[in-house]
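Throughout, read-outs are computed from the coordinates displayed, never taken from laboratory work. Worth saying up front: this structure is predicted, and the values here are computed from it rather than measured. Cβ placement follows ideal geometry from the backbone for every residue including glycine, while neighbour counts extend to all protein chains displayed.
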Amino acid sequence: MKEKLLEEKIGVLLREKGLKLTVAESCTGGLVGHRITNIPGSSDYYLGSLTAYAYEVKESLLSVSHETLQKYGAVSRETVIEMANGVRHALSGGFPLENVIGVSVSGIAGPGGGLPGKPVGTVWVGLSAGNNAWAWRFLWHGDRIQNKENSAQAVLQIVLDYLEDRLPSEP
């Protein structure tokens with residue numbers, strides 16, 4: 001029998017726990033939301049996502065502070081935590097915040113855009129749930145498409161890890 005996809009496992013656990021999922025995407029351009037909505041019945045637990053590529057959109061729709069973006073940049077622990085918190089609030093849809101998970105991703109997909117200390121393939125994933133927020137850094141070595149796919153996979157894995165009470169430690 002074929003093993004379930006991450007997005008299928010996530011759906012089962014979100015339903016069981018009575019939780020809702022929101023997503024803030026930058027470098028993945030909607031790929032996480034695409035994968036989640038490939039699962040029939042995902043409207044039971046998936047509230048929606050925002051693809052916020054520009055700084056201005058991160059600020060206005062996700063409440064990422066201008067100071068955070070100026071000081072740390074879009075590809076940072078600080079920014080993905082603010083994105084994850086922001087998407088929870090923006091898309092909670094009237095559900096109690098304690099029942100809503102926010103996950104975010106921002107990175108440098110390539111082939112250009114690398115900076116000192118942030119080479120191409122650098123990606124941060126953030127998660128906001130309950131009264132906590134966490135972030136993890138990844139470094140991919142593929143082309144643009146592979147980096148986006150690896151990033152979406154990492155986001156889904158982090159959500160699954162959270163739902164299974166086995167979050168990895170932060171870097």
**OP:** Set the Förster distance to 35 Å, then compute FRET efficiency between Asp44 and Glu170 from the Cβ-Cβ distance, nearest 0.05.
**Re:** 0.70
Original post:
For segment 1-95, what class follows from the C-alpha gyration tensor (a ≥ b ≥ c being the square roots of its eigenvalues): rounded when a/c is under 1.5, otherwise prolate if a/b is larger than b/c, else oblate?
Top reply: prolate
Original post:
By per-residue mean of other Cβ atoms within 10 Å, what is the highest-first order of 162-171, 95-104?
Top reply: 95-104, 162-171
Original post:
Given the Cα-Cα distance of Ser60 and Leu139 and 0.36 nm per residue of separation, how much length would full extension add, in nm?
Top reply: 25.6 nm
**OP:** Add +1 for every Lys or Arg and -1 for every Asp or Glu among the other residues with Cβ under 15 Å from the Cβ of Leu69, and state the total.
**Re:** -1
**OP:** Would you check the chain for Lys pairs whose C-alpha atoms are within less than 22 Å, ignoring same-chain pairs closer than 8 in sequence, and give me the count?
**Re:** 12
**OP:** State the Cα centre-to-centre distance between segment 18-37 and segment 80-150 in whole Å.
**Re:** 10
**OP:** Determine the shape class of segment 79-162: with a ≥ b ≥ c the square roots of the Cα gyration tensor eigenvalues, call it rounded for a/c under 1.5, and otherwise prolate if a/b is greater than b/c, oblate otherwise.
**Re:** prolate
Original post:
Over the chain, what is the percentage of antiparallel beta bridges among all DSSP beta bridges, to the nearest 5?
Top reply: 60
Subject >> Rounded if a/c under 1.5, otherwise prolate or oblate - the chain, Cα gyration tensor axes >> reply: oblate
